[in-house]
């Protein structure tokens, strides 16, 4: 049973990393949102599993938040925003997909090497979890860097947050305060983003960040 | 005991309650006054903490280190609210603000003060993280308030970079908890700072090292250390000027305070890497980089934003060096920088209103047409450039001399950076303050009291540091190790 619990946790956390990779090569915004929703779903399963094997019922709340808020409400809302604003539906990349994927593999290798080496004292479950979590965080960051559209940057940021919640859930007995506040902060952050997207739309007729990047340093 | 508990409760409850109240008040004159009054009450409460510190609880803790930050925070928060009252009246006349924006603005201002105070008194590293994230969000909203193309761009950039920094900081926080768990045990105690610092010597050093790297990158982004500073100049230049003053004067300090807390943790663990050199390197890098960048600035607020990066670099360098003298210098420099930089932003805010522009080229001869504003700016810039006899000179001198005493080779780039920045500031100041005046676009209706009260304090500190202050700072510097 113990072995099974470990493998299951491993599988679920690993699927998050896999889904992060899938997000890297999506070229349509809608498809990207679908993969993100799937990742949030995998996160809720993973956190839920952690809750049951750690005997920590409060983690079920975190899992529920991930499921309802991140896997359902946000993707639907972003779908609507894209449709209503008539945002360009293709993902525009700064670096093409191939090199990005290779770089992503490098990042995963890096986080495995770093985290597994420094956590030799921790219990094996938490070790694996934190290594996967760092991979998801770094892949989310990579996505934010290599994308031009504001929407896909936002999705990158949210997938980065998925990694953080995975890490928080894996750290056994971490106080509830933090998890709820993380979820809450994401909510707040999302409201901000929503406001911003509307304002950007209002002023720019595009959410392409290149259009925003006109004064790199100084206004003319 | 009960009175002291009230002190902590007040510096949190007053801003929080006022923020809620201000969101409901439509008349901006009333809300501006309420804003000032509430900031004043917060200042009194913060001062009361000086005399009567409550015992540390699981969530909140006031000790000798954070009390410095709390008092400074409350003071600059109060003077900025006075400045803000006269600033916004003009913005309403010119139509850059609508009354409905002001309601939001005042509520956010108090929310920012609340979250900064919470970050400072938090005894739980998770709670501290939440508070700093909240402070980031409120400032993002305020930076975007003018809703011009540039303001939205600046806010977006700040939001994205700030969020990444905040995310890294959370990851570091989780790692600290993981390091603490085998020693402290599961649950709440693993995040309580006063527990952590007592038991940290038994933590796994490797995990602490990785955690500190993430925390330094994360909170370092908020401090504005190069190369993570990209959000800072835009956010300062495009938001309302009172916000620039609070950002430079306070929020950067709060983020630095977070870094210092974790530096203390690492320093107490003999197996962990020394956090000092990392901080000193980033600080020195920021100083040199920002010093050089100062020369090419055309926007007045952007120029002083780079000057803030420079000074945060000096402060981080001083704390990174460590030791009683360098820590003392760092604390003093932080205080002086907050006071001086916010005074400069008070002056700049009124100047850009009077001249209707932020372009340095279009602002000339201020001392002729607006003697008080012009000379206030001159005094502020002379102070921030580190000229005697003002307070910034004292602290910079202490930083340099302690560096010379211990690592003479490091003193060379430090002095070079200081001189480079001095040159740039003097060069720009000449055009701004003297020469043929440029025409005004609006009459001046400045409030001089906040600016000159800050400058008077800086001048006093340069001439005479009161012994109680010295012994207080020496004590704190000793704690910082």
Going fewest to most other Cβ atoms within 10 Å around each Cβ, B:178, A:174, B:293 line up as B:293, A:174, B:178
Checking rank on B:50-63, B:122-135, B:465-478, with mean other Cβ inside 10 Å and highest first, the result is B:122-135, B:50-63, B:465-478
Projected area averaged over all directions for the convex hull of the alpha carbon atoms of the range B:91-214, nm², comes out at 8.6 nm²
Averaged over residues of B:169-181, the number of beta carbons from other chains lying within 10 Å of each residue's Cβ is 6
In whole Å, largest first, the alpha carbons of chain B cover along the principal axes 67, 55, 43
Per the 1/(1 + (r/R0)^6) rule, R0 = 25 Å and r from the Cβ atoms of residue B:281 and residue B:419, FRET efficiency to 0.05 is 0.80
Fraction of alpha-carbon pairs in the protein assembly as shown farther than 43 Å apart, rounded to whole percent, equals 22 percent
Note to self: C-alpha centroids of the range B:1-74 and the range B:378-400 sit apart, in Å, by 30 Å
Here the convex hull volume per residue of the range A:127-167, taken over Cα atoms and given in Å³, is 33 Å³
Placing each pseudo-label 7 Å from Cα in the direction of the beta carbon, residue B:23 and residue A:4 end up separated by a distance in nanometres of 4.8 nm
Each residue of B:153-162 has, on average, a number of other protein chain C-beta atoms within 10 Å of its C-beta equal to 5
Quick calc, residue A:97 & residue B:369: beta-carbon distance into FRET formula, R0 41 Å, rounding 0.05, result 0.10
In degrees rounded to 10, the 0-90 angle between helix B:125-143 Cα long axis and the longest Cα principal axis of chain B is 10 degrees
Of the convex hull enclosing the alpha-carbon atoms of the range A:20-170, the direction-averaged projected area in nm² is 8.5 nm²
Packing-ranked peptide list from B:419-426, B:204-211, A:102-109, highest mean Cβ count within 10 angstrom first, is B:204-211, B:419-426, A:102-109
Semi-axes in Å, largest first, for the range B:275-481 (Cα gyration tensor, √(5λ)) are 32, 19, 12
Between the Cα axis of helix B:205-223 and the main Cα principal axis of chain B, the angle (0 to 90°, nearest 10) is 10 degrees
Across B:240-252, the residue-averaged tally of Cβ atoms belonging to other chains within 10 Å stands at 0
Scaled by the rule-of-thumb 2.2 N^0.38 Å, the alpha carbon Rg for the range B:417-481 gives a ratio of 1.74
Heads up, the range B:237-289 by the C-alpha gyration tensor (a ≥ b ≥ c square roots of eigenvalues; a/c under 1.5 rounded, else a/b over b/c prolate, else oblate) looks oblate
The helix B:99-121 Cα axis meets the longest alpha-carbon principal axis of chain B at an angle in degrees, between 0 and 90 and rounded to 10, of 30 degrees
Counted neighbours (other Cβ, 10 Å), sorted fewest up, put A:93, B:441, B:139 in the order B:441, A:93, B:139
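Taken together, the values in this text are just the output of simple stated rules run on the coordinates, not laboratory data. Everything quoted here is computed from the prediction, not taken from an experiment. Note that each Cβ is placed from the backbone with ideal geometry, even for glycine, and that neighbours are counted across all protein chains shown.
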